[in-house]
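Visitor: Dropping the structure in here first, questions after.
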2 protein chains.
Amino acid sequence: MNQNYNMPTSTEEDYIKAIFKITERNQGTASTNAVAAHLSTSAASVTDMLKRLSEKEYFHYEKYKGVYLTNKGRELATQLIRKHRLWEYFLVEKLNFNWDEVHDIAEQLEHVKSDKLIEKLDSYLDHPKYDPHGDPIPNAEGKFTIRTQISLFNLAVGEEAVVVGVKEHDTPFLQYLDQLKINIGTKLKVISQIDFDHSKEILIDNNSQSVLSHKASTNIYVKKRMFS
Amino acid sequence: MNQNYNMPTSTEEDYIKAIFKITERNQGTASTNAVAAHLSTSAASVTDMLKRLSEKEYFHYEKYKGVYLTNKGRELATQLIRKHRLWEYFLVEKLNFNWDEVHDIAEQLEHVKSDKLIEKLDSYLDHPKYDPHGDPIPNAEGKFTIRTQISLFNLAVGEEAVVVGVKEHDTPFLQYLDQLKINIGTKLKVISQIDFDHSKEILIDNNSQSVLSHKASTNIYVKKRMFS
DNA sequence: AGCCTAATTTAGAATAGCCTAAAAATATTT
DNA sequence: AAATATTTTTAGGCTATTCTAAATTAGGCT
């Protein structure tokens, strides 16, 4: 579907994506307030939009009950995530952007309408499975490659693992990791554990050592063995 | 300038670009009707827009007199053309699009707001000077690399030249050239000239022969010697 | 100098998306 | 179950962009 009469606008796409992200966590339905918070807009605007948009069958909306996506809506959301993550991959791998700089640009690029573009981009990038933050990129059919991963927080003293992703994507956190030379693929080993505040002493790539707070370690996803 | 409060909207950018293109041909000013035709909108909408937009100082507007760009406007238009042509180059050279498919996609991509993006894209593409249709890509300072070129129509019988560009960019014309295996860089030689309708018999890359109509030959730009 | 036509502008209205303030419904506490 | 707090919706309004139809102006022709 390429540039049709009935294409969703960028704003509509943002709503669908927000609903998708919220319903992924909150089993099934998204509240008006949650959507408003996610899009930094008012609850009144959201109600307005939901009423109009629900006619397009991307989701079911019932007054005071919140919304949940239809298959059509879920498909659209998945394709948007696919586009977003492919563009992020492009920006980092090809244009040498840092992983903390790409979100806003990808947010714009994901709204470009052309199926052919995204399929060609995907081929050009050699069908990447994960974006620069380790998040899975759905394929053209919308399937995500699920990976077994645990939070660094759950790694015991003495255990080793490789970084495969991050939970939060905000710039300060990503820059902090850069500083520690922690990136996707970095090998980490838990040296010791401070029970008092749940922080951990970590050996980074058999090289440097750092103490990571509870908050930091829950935000880092690792995998115990590579290629599994 | 990156995503400011006072950024021009996509629509505003389209107006500036239209005015730029019209004033390039029609020494200096663009009429309301010309802008309307260029943007496929009504003259009334254009008047409306011009009145509001002229406050942003991209151009001078005087009732019933048409508009002409200020330096600020000309600079914006040039940057938009830069973005458009760089993206076209990317689409053809990296993603393997055909030269007749890229316009609409580039039209969307050019509105993405990020100075850093376009500079990194430029570096990644190795600072191309011409887009896939042979049109010059302005550099970051807005300077175009001007090339001496003539219309194929002005080539005399027996003369040889290399294709460097096309005047019209519409899909059927470009596909017609593809069919004839005429592209940027193709060597052409005028075999004979039919006085009756000004068509020409052409030898293409020392290979095939075709008759090109007057219309076709005026639409092809060539250069007599390469690298000059 | 006046008329005609084409170009341009004004007037009035529609739509998408947003807002604030007030009202209504739902959820939570007591 | 009543009272209170929270969430959601409605009402009314704003701006950007577009439209059609009507009015105005400019420029050319007699």
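The values are calculated or read from the model by the stated rules, or taken from the named source; none is laboratory data. What you see is a predicted model, and the numbers here were worked out from it, not measured in a lab. As a convention, Cβ positions derive from the backbone with ideal geometry for all residues, glycine included, and neighbour counts pool all protein chains shown. Calculation scope for accessible area: heavy atoms of the full protein, side chains included, ligands and nucleic acids excluded. Shrake-Rupley method; radii C 1.70, N 1.55, O 1.52, S 1.80 Å.
Visitor: Give me the percent of accessible area attributable to carbon and sulfur for chain A, probe 1.4 angstrom.
Guide: Values: 5880 of 12150 Å².
Here carbon and sulfur together make up 48 percent of the probe-accessible area.
Visitor: Another one. Which pairs, out of A:Lys17/A:Lys83; A:Lys120/B:Lys113; B:Lys129/B:Lys189; A:Lys167/A:Lys223, put more than 18 Å between their alpha-carbon atoms? Before the final figure, lay out each step's value.
Guide: Working: A:Lys17/A:Lys83 12 Å; A:Lys120/B:Lys113 23 Å; B:Lys129/B:Lys189 25 Å; A:Lys167/A:Lys223 14 Å.
As for pairs spanning more than 18 Å Cα to Cα, those are A:Lys120/B:Lys113; B:Lys129/B:Lys189.
Visitor: Report the local net charge at B:Lys223: Lys and Arg +1, Asp and Glu -1, summed over other residues whose C-beta lies under 12 Å from its C-beta.
Guide: Working: positive: B:Arg147, B:Lys187, B:Lys224, B:Arg225; negative: B:Glu159, B:Glu160.
Net charge in that neighbourhood comes out at +2.
Visitor: Now, a different point. Assign unit charges at the C-beta atoms only (+1 for Lys and Arg, -1 for Asp and Glu), then state the dipole size of the stretch B:98-228 relative to its Cα centre in Debye, rounded to the nearest 20. Could the numbers behind the result be given before it?
Guide: Working: 15 positive and 21 negative charges, 114 e Å.
So the magnitude is around 540 debye.
Visitor: Once you've got the GNM for chain A with C-alpha springs shorter than 10 Å, pick whichever of A:Asp135, A:Asp122, A:Asp205 has the biggest mean-square fluctuation.
Guide: A:Asp205
Visitor: Let me ask another. Show log10 I(q)/I(0) for the stretch A:10-69 at q = 0.26 Å⁻¹, two decimals, from a solvent-free Debye sum over equal Cα scatterers.
Guide: These q points yield log10 I(q)/I(0) values of -1.14.
Visitor: Also, I was wondering about something else. Please list, short to long, the whole-number percent of alpha-carbon pairs of the stretch A:150-223 in consecutive 5 angstrom bins beginning at zero.
Guide: Calculated over all Cα pairs of the stretch A:150-223, the distribution is 3, 18, 32, 30, 13, 3, 0 percent.
Visitor: Mind pulling the angle between the C-alpha long axis of helix A:43-53 and the longest principal axis of chain A? Nearest 10 degrees, somewhere in 0 to 90.
Guide: With both axes taken from Cα atoms, the answer is about 60 degrees.
Visitor: What does the copy distance list look like for B:Phe144, label position 7 Å along Cα→Cβ, in nm and ordered from shortest?
Guide: For B:Phe144, the other copies' label points sit at 4.8 nm, shortest first.
Visitor: Assigning unit charges at the beta carbon (Lys, Arg +1; Asp, Glu -1) and nothing else, what dipole magnitude in debye, to the nearest 20, does chain B show about its Cα centre?
Guide: Values: 29 positive and 32 negative charges, 121 e Å.
Roughly 580 debye for chain B.
Visitor: Also, I was wondering about something else. Report the Cα centroid-to-centroid distance between the stretch A:49-97 and the stretch B:118-189 in angstrom, as an integer.
Guide: 39
Visitor: What do you get for trypsin sites (Lys or Arg not before Pro) in the stretch B:1-66 restricted to DSSP loop and a cutoff of at most 12 other Cβ within 10 Å of the site's Cβ?
Guide: Numbers: sites: B:Lys17, B:Lys21, B:Arg25, B:Lys51, B:Arg52, B:Lys56, B:Lys63, B:Lys65; in loops: B:Lys63, B:Lys65.
Here the trypsin sites (Lys or Arg not before Pro) that fit, given the DSSP loop and packing criteria, are B:Lys63, B:Lys65.
Visitor: Considering only the label points, 7 Å along Cα→Cβ from Cα, what distances in nm to one decimal separate B:Asn98 from the same position in each other copy, shortest first?
Guide: 4.3
Visitor: At a probe of 1.4 Å, how much accessible area disappears from chains B and A on forming the pair, both sides counted, to the nearest 100 Å²? Write down the numbers at each step before the final one.
Guide: Working: alone 13010 and 13050 Å², together 24270 Å².
The summed interface area works out to 1800 Å².
Visitor: Run through the stretch B:55-152 and list the GluC sites (Glu not before Pro) located in a DSSP loop whose Cβ has at most 14 other Cβ atoms within 10 Å.
Guide: Working: sites: B:Glu55, B:Glu57, B:Glu62, B:Glu75, B:Glu88, B:Glu93, B:Glu101, B:Glu107, B:Glu110, B:Glu119, B:Glu141; in loops: B:Glu57, B:Glu101, B:Glu110, B:Glu141.
Filter output for the stretch B:55-152: B:Glu57, B:Glu141.
Visitor: Where in the stretch B:66-99 does the label zone of B:His60 land, with the point 7 angstrom along Cα→C-beta and an amide N cut-off under 19 Å?
Guide: Label zone hits: B:66-77.
Visitor: In deg cm²/dmol and to the nearest 500, what is the mean residue ellipticity at 222 nm of the protein assembly as shown if only DSSP H runs of at least 4 residues count, each as -39500 (n - 2.57), divided by the residue total? The partial results should precede the final answer.
Guide: Working: 16 runs with 178 residues, N = 456.
Using -39500 (n - 2.57) per qualifying helix, the result is -12000 deg cm²/dmol.
Visitor: List the chymotrypsin sites (Phe, Trp or Tyr not before Pro) in the stretch B:124-210 that DSSP assigns to loop (not H, G, I, E or B) and whose Cβ has at most 11 other Cβ atoms within 10 Å. Which are they? Could the numbers behind the result be given before it?
Guide: Details: sites: B:Tyr124, B:Tyr130, B:Phe144, B:Phe153, B:Phe173, B:Tyr176, B:Phe196; in loops: B:Phe144, B:Phe196.
Listed in order of number, the matching sites are B:Phe196.
Visitor: So, one more: Towards the positive end of the charge dipole of the stretch A:150-223, with charges on Cβ (+1 Lys, Arg; -1 Asp, Glu), say which of A:Leu188, A:His214, A:Ser199 has the farthest Cα.
Guide: A:Leu188
Visitor: Among the aspartates and glutamates, select those whose C-alpha is under 18 Å from the C-alpha of A:Lys56, and discard any that sit fewer than 8 residues away in the same chain.
Guide: Straight-line reach from A:Lys56, under 18 Å: A:Glu12, A:Glu13, A:Asp14, A:Asp48, A:Glu75.
Visitor: Can you work out the accessible area per residue across the protein assembly as shown, with the rest of the protein chains kept in place, probe 1.4 Å, in square angstrom?
Guide: 53
Visitor: Roughly how many debye, to the nearest 20, is the charge dipole of the stretch B:49-145 about its Cα centre, given +1 on each Lys and Arg Cβ, -1 on each Asp and Glu Cβ, and no other charges?
Guide: Numbers: 16 positive and 18 negative charges, 120 e Å.
Value, rounded to 20: 580 debye.
Visitor: Right, here's the next one. Run the label-point distances for A:Glu160 please: 7 Å along Cα to Cβ, every other copy, nanometres, shortest first.
Guide: Counterpart label points of A:Glu160 in the remaining copies fall at 6.4 nm.
Visitor: Continuing with the same structure: From the residues B:Ile105, B:Val92, B:Ala140, which one has its Cα farthest along the dipole of the stretch B:82-146 in the positive direction, the dipole being from +1 and -1 charges on Cβ of Lys/Arg and Asp/Glu about the Cα centre?
Guide: About the Cα centre, the residue reaching furthest to the positive side is B:Ala140.
Visitor: May I pose another question? Under the definition of partner shielding as Cβ atoms of other protein chains within 10 Å of a residue Cβ, what is the mean value for peptide A:103-112? Could you put the intermediate results ahead of the total?
Guide: Working: counts 0, 5, 8, 1, 1, 8, 5, 0, 3, 8.
For this peptide, the per-residue mean of nearby foreign Cβ atoms is 4.
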